[in-house]
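Undergrad: Here it is: the structure, laid out below.
The values are calculated or read from the model by the stated rules, or taken from the named source; none is laboratory data. Everything numeric here is computed off the predicted structure, so don't read it as measured data. As a convention, Cβ positions derive from the backbone with ideal geometry for all residues, glycine included, and neighbour counts pool all protein chains shown. Surface areas here come from the heavy atoms of the whole protein model, side chains and all, with no ligands, DNA or RNA. Shrake-Rupley method; radii C 1.70, N 1.55, O 1.52, S 1.80 Å.
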Amino acid sequence: MSPEKSAFLRERHPLIFSATKQSHPHAPFSYWGLQCGDGWAGLLDDLCRQLQCETAENGAPQVVALQVKEKFGAIRFYAADLAARQRNLVQAAEAASKTTCETCGAPGALIDGLWVKTRCTAHAAD
Ligand SMILES: [Zn+2]
């Protein structure tokens with residue numbers, strides 16, 4: 001993810017994106033941050049807002065992202081101690097990523113090539 005989009009998300013969700021090498025030395029997020037394309041920034045923003053809402057309003061645990069990456073064309077969001085409703089939100093975001101271009105955020109589809117990825121027609125060759 002570009003530094004600009006990454007900074008935007010970290011600023012908006014400082015508690016979720018709080019893992020550091022000191023606090024979480026075994027979490028990939030501490031070292032590599034957000035490992036996916038800018039096209040999924042909006043989807044991640046929505047997910048984090050909903051996860052934080054569960055914490056603030058329903059007493060769910062504070063989510064701390066341990067790894068956020070692309071795998072098999074979909075987003076993977078790993079965190080410890082997710083409540084059931086938070087797990088459902090993560091699963092919904094993973095499902096939504098399969099129809100969202102990872103490059104630009106436009107509607108897209110899974111493309112099966114050398115690697116499976118999710119792209120719109122304009123970015124199919126990316
Ligand atoms: Zn695209």
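Undergrad: So Gly73 ticks every box in (1) more than 16 Å from the ligand (Cβ to nearest atom); (2) crowded, with 16+ Cβ neighbours inside 10 Å but one. Which box is left unticked?
TA: Unmet condition: (1).
Undergrad: Any idea which residue in segment 79-119 is least open to solvent (accessible area, probe 1.4 Å), counting only those that are more than 16 Å from the ligand (Cβ to nearest atom) and touching a Pro at 6+ places or on another chain (Cβ under 8 Å)?
TA: Selected residue: Gln86.
Undergrad: Using the structure shown, decide if Val68 is of a type outside the set (Ser, Thr, Tyr), open to solvent by less than 30 Å² (accessible area, probe 1.4 Å), farther than 19 Å from Val116 by Cβ and outside any helix (DSSP H, G or I). Step through it out loud before you land on a result.
TA: Numbers: of a type outside the set (Ser, Thr, Tyr): yes; open to solvent by less than 30 Å² (accessible area, probe 1.4 Å): yes; farther than 19 Å from Val116 by Cβ: no; outside any helix (DSSP H, G or I): yes.
When the stated conditions are applied, Val68 does not pass them.
Undergrad: Let me ask another. For segment 86-98, indicate whether the set of residues that are of a type in the set (Ser, Thr, Tyr), assigned to a helix (DSSP H, G or I), modelled with pLDDT of 95 or more and farther than 30 Å from Gly113 by Cα is non-empty.
TA: The answer is no; no qualifying residue exists.
Undergrad: Is it the case, given these coordinates, that Pro61 is open to solvent by 30 Å² or more (accessible area, probe 1.4 Å) and more than 16 Å from the ligand (Cβ to nearest atom)?
TA: yes
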